[in-house]
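The values are calculated or read from the model by the stated rules, or taken from the named source; none is laboratory data. If you're wondering where the values come from, they're calculated on a predicted model, not measured in any experiment. Cβ: placed from backbone, ideal geometry, glycine included. Neighbour counts: every protein chain shown. Just the protein is used for accessible areas: all its heavy atoms, side chains included, with ligands, DNA and RNA removed. Shrake-Rupley method; radii C 1.70, N 1.55, O 1.52, S 1.80 Å.
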Amino acid sequence: MTVPNCESLSRRAYLRAAVAAGGAAGLSACLDGDDGSTTIPAGNPADRPERQHAWNDALRTDDDGNHLQPEHRVLLPLRLRTDLDADARERVEAAFETLERAYDYDAEGLLFTVGYAPAYFDRLDDVDSPVPDPEPLTSMESPAFDAFDAIVHLASDSPAAVLEAERALFSEAEPNGLDPTPIDDVFERAEPRRTGFVGEGIPAEHADRDDVPASIPGEAPFFMGFRSGFAESQAPEDRVTIREGPFAGGTTLHVSSMDLNLRQWFEQDSQYQRVAKTFSPEHADEGVGRIGEKLGRSTGALDVADDAETHARTRGVVGHAQKAARARDDDGTPPLLRRDVNTVDGDAPGLHFIAYQRRIEEFIRVREAMTGADLTEGGVGRRLNNGLLQYILVRRRGNFLVPPRSKRALPEP
């Protein structure tokens, strides 16, 4: 992918395109697009918590107390190219510590996690993978599966930071002015590299594309037009942390890549229907605001979760959020911590569904609830009027273990 002409895009859109393009051209475009007013703060590894996934203390919040996720993301896949030994572990850890010195522990600097796939654990003698192989989760999908060894999730409000950090791992850039510590004698790049973005007004900047309708709300942070990541709908970081065993303090990661049918979503359905399918029919009756701003920090999905079957039967529609809420813990706590991003990878609008949970089985439980197969006898179809299923196509899945920070470099149980 090449970086488009900067004269044809807003500055923000140009920088997002540079992240998606990656490589030297992308980083050069980010640096050229910097107006000089932003300085990326340096960091200190001692400031980072033991839990790699503990980002909340480093994130900004909106007026309702919902965490605002970093705007720019890169999901960098890696494949091992050497034997697993102490020297390799030291080199990998030194590389990650260099990134921690180069960038501060916040969204203005760099947040990142390192996860390992079942393929990595298959390389270890007499070791069972702590995460299962990905698999299709419904009969309606036939996704590809991630088959590489590791993934690095890079996140920042600075597009230059995510690209510079990515390239620094392969001696292709200096991370915020420091000498790079490479991992290219241990890992090589794999496919697919994934990129994404999130933030108020960003999706609407893609409305010049044929597959992104102009009717998308200008202030929406996600392609589907509504706010997401409501505090009440997010698992606390403690909830997704592994409590015991060799990887206590870590978590698991699931990444699903999805295509979105935005034309059908915005041009076939009314705002009332979109609210009903996103949240619930009762939300549509009461109204949630143009992008869900009236909901504050709580969707209220748990209040209507038990009504899903009744709504399917009597209203002919059921909401995505109310279906998912049926999979919450007995005390109402959500089991997933989501850090999703929009994407135009593959030159089409999509979503990278990024979920942290204590066990992959908990993601599967939530996904089964979202599928709503038990509701199809009551008046909704397998996809039609069954939440968002009609508008989403899952094309890829991957499962990963995210160890505690002290074990993130080529971990062994």
Output the helices (runs of 4 or more DSSP H) that fall wholly within the range 8-115 and possess 3 or more residues being at pLDDT 95 or above and surrounded by 13 or more Cβ atoms within 10 Å (Cβ to Cβ), or say none.
-> 86-102
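If you go through the range 373-401 one residue at a time, how many are part of a loop (DSSP other than H, G, I, E, B) and under 19 Å from Ser228 (Cβ atoms)? Give the steps one after another, and end with the answer.
Filtering the range 373-401 down to residues part of a loop (DSSP other than H, G, I, E, B) leaves 379-385, 387-388.
Right, trim to under 19 Å from Ser228 (Cβ atoms) and you get 387-388.
Qualifying residue count for the region: 2.
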Only one of (1) surrounded by fewer than 22 Cβ atoms within 10 Å (Cβ to Cβ); (2) out of contact with any Lys or Arg (no Cβ under 6 Å at 6 or more places or on another chain); (3) farther than 29 Å from Ile151 by Cβ is not met by Pro217, so which one is it?
-> (2)
Filter pass, Leu295 being within 19 Å of Val198 (Cβ to Cβ) and within 21 Å of the chain's Cα centre (by Cα) = no
Select, from Leu389, Leu384, the only residue that is crowded, with 18+ Cβ neighbours inside 10 Å and of a type in the set (A, V, I, L, M).
-> Leu389
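Would you call Ala231 surrounded by fewer than 19 Cβ atoms within 10 Å (Cβ to Cβ), more than 20 Å from the chain's Cα centre (by Cα), in contact (Cβ under 8 Å) with a residue 24 or more places away in the chain and within 27 Å of Arg358 (Cα to Cα)?
On the way: surrounded by fewer than 19 Cβ atoms within 10 Å (Cβ to Cβ): yes; more than 20 Å from the chain's Cα centre (by Cα): no; in contact (Cβ under 8 Å) with a residue 24 or more places away in the chain: yes; within 27 Å of Arg358 (Cα to Cα): yes.
So Ala231 fails the test.
Which residue out of Arg405, Arg315, Arg326, Arg395 is open to solvent by 10 Å² or more (accessible area, probe 1.4 Å), under 19 Å from the mean Cα position of the chain (by Cα) and modelled with pLDDT of 95 or more? Give the derivation first.
On the way: Arg405 fails: under 19 Å from the mean Cα position of the chain (by Cα); Arg315 fails: under 19 Å from the mean Cα position of the chain (by Cα); Arg326 fails: under 19 Å from the mean Cα position of the chain (by Cα).
Criteria check complete, one pass: Arg395.
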Selection from the range 146-188 of residues within 19 Å of Ala88 (Cα to Cα), touching a Phe, Trp or Tyr at 6+ places or on another chain (Cβ under 7 Å) and open to solvent by 10 Å² or more (accessible area, probe 1.4 Å) yields Pro182, Asp184
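Could you list, in sequence order, all residues of the range 243-266 that are open to solvent by less than 30 Å² (accessible area, probe 1.4 Å) and either without any contact (Cβ under 8 Å) to a residue 40 or more places away in the chain or part of a loop (DSSP other than H, G, I, E, B) (or both)? Please lay out each step first, then the result.
Initially, the range 243-266 is screened for residues open to solvent by less than 30 Å² (accessible area, probe 1.4 Å), giving 247, 249-258, 260, 262, 265-266.
Residues satisfying the conditions are Phe247, Gly249, Gly250.
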Residues of the range 130-146 satisfying the condition of being closer than 21 Å to Pro411 by Cβ and either in contact with a Leu (Cβ under 8 Å, 6 or more places away or on another chain) or modelled with pLDDT under 95 (or both) = Pro130, Val131
Any idea which of (1) under 20 Å from Gln390 (Cα atoms); (2) of a type in the set (Asp, Glu); (3) open to solvent by less than 30 Å² (accessible area, probe 1.4 Å); (4) in contact (Cβ under 8 Å) with a residue 24 or more places away in the chain is the one Asp269 doesn't satisfy?
-> (4)
Can you run down the residue pairs with Cβ atoms below 9 Å, 6 or more apart or on separate chains, where the first is in the range 190-208 and open to solvent by less than 30 Å² (accessible area, probe 1.4 Å) and the partner is of a type in the set (D, E, K, R) and part of a strand (DSSP E or B)?
-> Ala190/Arg79; Arg194/Arg73; Arg194/Arg396; Thr195/Arg73; Gly196/Arg73; Phe197/Arg73; Val198/Arg73
Given (1) of a type in the set (S, T, N, Q); (2) in contact with an Asp or Glu (Cβ under 7 Å, 6 or more places away or on another chain); (3) under 29 Å from Lys294 (Cβ atoms), number of the condition Ser256 does not satisfy | (2)
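Let's see how each residue does on (1) in contact with a Leu (Cβ under 7 Å, 6 or more places away or on another chain); (2) within 20 Å of Val341 (Cβ to Cβ):
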| position | (1), (2) |
| --- | --- |
| Glu205 | no, yes |
| Gly218 | no, yes |
| Phe226 | no, yes |
| Ala235 | yes, yes |
| Thr252 | yes, yes |
| Asn261 | no, yes |
| Trp265 | no, yes |
| Gln273 | no, no |
Residues of the range 312-366 satisfying the condition of being closer than 27 Å to Arg193 by Cβ, small (Gly, Ala, Ser) and not in a loop (DSSP other than H, G, I, E, B) = Gly346, Gly350, Ala355
The condition from (1) over 27 Å from Asp285 (Cβ atoms); (2) of a type in the set (Val, Ile, Thr); (3) surrounded by fewer than 23 Cβ atoms within 10 Å (Cβ to Cβ) that Val341 misses is numbered (3)
